[in-house]
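Read-outs: derived from the displayed coordinates by stated rules, not from any lab. Given the structure is predicted, the values throughout are model-derived calculations rather than measurements. Quick reminder, even Gly has a Cβ in these numbers, built from the backbone with ideal geometry, and neighbours come from all protein chains shown.
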2 protein chains.
Amino acid sequence: MKPNKISEAVVRRLPIYLRYLTHLQQMHVHTVSSQQIGKTLDINPAQIRKDLNAFGDFGKKGIGYDVGYLIEKIKQILKINQEIRVALVGVGHLGHAICNHNAYKRDNMRIVAAFDNDPKKQGETVAGLTIQPLDEMNQTIAEKQIRLAIITVPATAAQHVADLLIEAGIEGILNFAPVTIRTTQDVTIHHTDVTSSLQSLAFYLN
Amino acid sequence: MKPNKISEAVVRRLPIYLRYLTHLQQMHVHTVSSQQIGKTLDINPAQIRKDLNAFGDFGKKGIGYDVGYLIEKIKQILKINQEIRVALVGVGHLGHAICNHNAYKRDNMRIVAAFDNDPKKQGETVAGLTIQPLDEMNQTIAEKQIRLAIITVPATAAQHVADLLIEAGIEGILNFAPVTIRTTQDVTIHHTDVTSSLQSLAFYLN
DNA sequence: TAGATTGTTAATCGATTAACAATC
DNA sequence: TAGATTGTTAATCGATTAACAATC
């Protein structure tokens with residue numbers, strides 16, 4: 001693996017490659033070219049070759065990429081060749097949906113704890129998990145070796161919840177609350193918000 | 001409004017600005033500087049001024065931006081100063097959550113139709129909407145003047161559903177299915193996928 | 001060998017940021 | 001006036017793409 005610094009754009013494309021390669025594997029396709037990947041995913045083939053080559057020489061000139069080998073390599077790069085345990089905070093409609101979706105899928109990102117500050121929800125289960133109060137976060141995150149967190153609380157609570165999570169040692173956060181979360185710590189925070197996404201779509205209306 | 005071409009990066013930031021400005025308005029703040037916005041949203045102030053200035057001279061030198069005025073301007077730019085009607089296809093856990101969330105919010109992006117190809121779901125209601133079969137899509141989209149669509153069906157069905165929506169005259173699609181949707185038509189397609197987002201987060205684990 | 005495709009450089013393109021005159 | 005802040009240019013930085021030698 002070449003240790004040049006990797007841009008976020010590349011990191012965001014890797015899961016997209018992985019998803020398509022996994023699909024190819026299920027179709028029993030053993031080899032694929034950057035051109036074929038590019039055509040399917042609407043990405044420039046040179047871009048794909050450059051992205052992959054930043055981590056090593058995975059392809060064969062004149063042949064292409066071995067699907068199974070490339071899947072393994074990308075999983076290594078993304079560090080998802082091991083189970084990554086995830087906590088979810090805020091079991092509203094969206095949190096509920098994400099928990100169920102995750103339980104149904106079989107991949108290495110596993111939600112193993114769910115928290116909510118509503119006493120009425122605490123003790124109930126979602127996707128097989130008992131909903132816990134926020135003050136159990138520290139202990140549970142340590143005990144279960146949870147490294148990532150998903151925030152699906154209202155905007156007003158999001159920063160506070162993030163602070164608690166970071167304090168508890170979480171290394172990355174995926175935030176669905178419509179607010180920008182900030183931190184001085186070395187924690188990666190990705191934002192995603194349905195409303196903002198829809199609003200930016202509206203810009204392109206004729 | 002200056003007619004230079006606007007990059008997608010800018011369009012994605014506009015809703016973020018709008019969100020914060022709306023917050024300021026609720027706090028009865030009347031004026032704000034690019035520096036203040038930048039500090040809160042973790043965005044370079046020069047970036048913010050440049051983004052906004054691409055659409056007109058909205059600020060006052062030495063003073064800053066009038067919050068209410070800027071909100072109106074951004075809404076105009078995003079074309080959300082009118083109600084935009086949205087269809088949702090695929091009423092699973094996620095589709096359900098998005099419908100409920102949208103019904104609860106009071107903004108101008110309104111989900112007014114929900115479709116699912118499962119006969120058991122058809123006729124049931126979600127967030128006050130009767131779930132309809134896919135073959136009613138064409139008529140409903142025309143009648144209700146629906147312009148955007150949210151896809152929350154499984155990956156295997158997503159491209160087909162997108163083709164139907166585009167055929168029905170939809171102008172933009174927000175796709176939550178873990179697959180890249182392609183089209184030859186002039187339709188904007190944005191992708192968002194929880195699994196991919198989590199996977200890219202994992203890259204930054206120590 | 002001929003055709004295909006990678007790895008990689010160089011060129012291009014675009015986005016971000018610094019800096020400052022204008023001006024409130 | 002002095003301080004603050006925009007609008008905007010120029011500089012910088014980074015990402016994408018074209019092109020092609022290497023080679024399977």
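Annotation: amide H-H contacts under 5 Å for A:ALA114 (H modelled 1.01 Å from N, sequence separation of 5 or more, or interchain): A:LEU88, A:GLN132. Per residue of peptide A:186-197, the mean number of Cβ atoms on other chains within 10 Å of the residue Cβ is 5. In summary, the aspartates and glutamates within cross-link reach of A:LYS120, defined as a Cα separation below 19 angstrom excluding same-chain residues under 8 places away, comprise A:ASP135, A:GLU136. Put simply, the C-alpha atoms of the stretch B:84-197 give a gyration tensor, and the ellipsoid matching it has half-axes of 19, 16, 15 Å, longest first.
May I ask you to derive the FRET efficiency for B:GLN26 and A:THR31 from their Cβ-Cβ distance with R0 = 51 Å, giving the value to the nearest 0.05? Could the numbers behind the result be given before it?
On the way: r = 57 Å, r/R0 = 1.11.
Given R0 = 51 Å and the Cβ-Cβ separation, E is 0.35.
Using C-alpha pairs under 8 Å with a sequence gap of at least 6, the mean separation divided by the residue count of the stretch A:84-197 gives a relative contact order of 24 percent. Close amide-amide hydrogen proximity is noted between B:SER33 and B:TYR65, each under 5 Å apart and 5 or more residues distant or on a separate chain (H modeled in the peptide plane; Pro and chain starts excluded). Dividing the Cα radius of gyration of the stretch A:1-118 by its Kirkwood radius returns 1.05 for Rg/Rh.
Other protein chain C-beta atoms within 10 Å of residue C-beta, averaged over A:16-29: 2.
Taken over the Cα atoms of the protein assembly as shown, the convex hull encloses 162 Å³ per residue.
Peptide B:73-79 has a mean of 3 when you count, residue by residue, the C-beta atoms of other protein chains within 10 Å of its C-beta. Report summary: the helix-based calculation at 222 nm, which adds -39500 (n - 2.57) for every DSSP H run with n ≥ 4 and divides by the residues of chain B, gives -13000 deg cm²/dmol. Note on B:LYS105: lysines with a C-alpha under 17 Å away, same-chain residues under 8 apart excluded, are B:LYS75.
Both the radius of gyration and Dmax for chain B are 19.4, 62 Å, in that order, over alpha-carbon atoms. Using only alpha carbons, the stretch A:57-125 has a radius of gyration to Kirkwood radius ratio (Rg to Rh) of 1.23. Counting only whole DSSP H helices of chain B, the ones at least 18 Å long by C-alpha along their axis and with mean Kyte-Doolittle hydropathy no lower than 0.5 are B:155-167.
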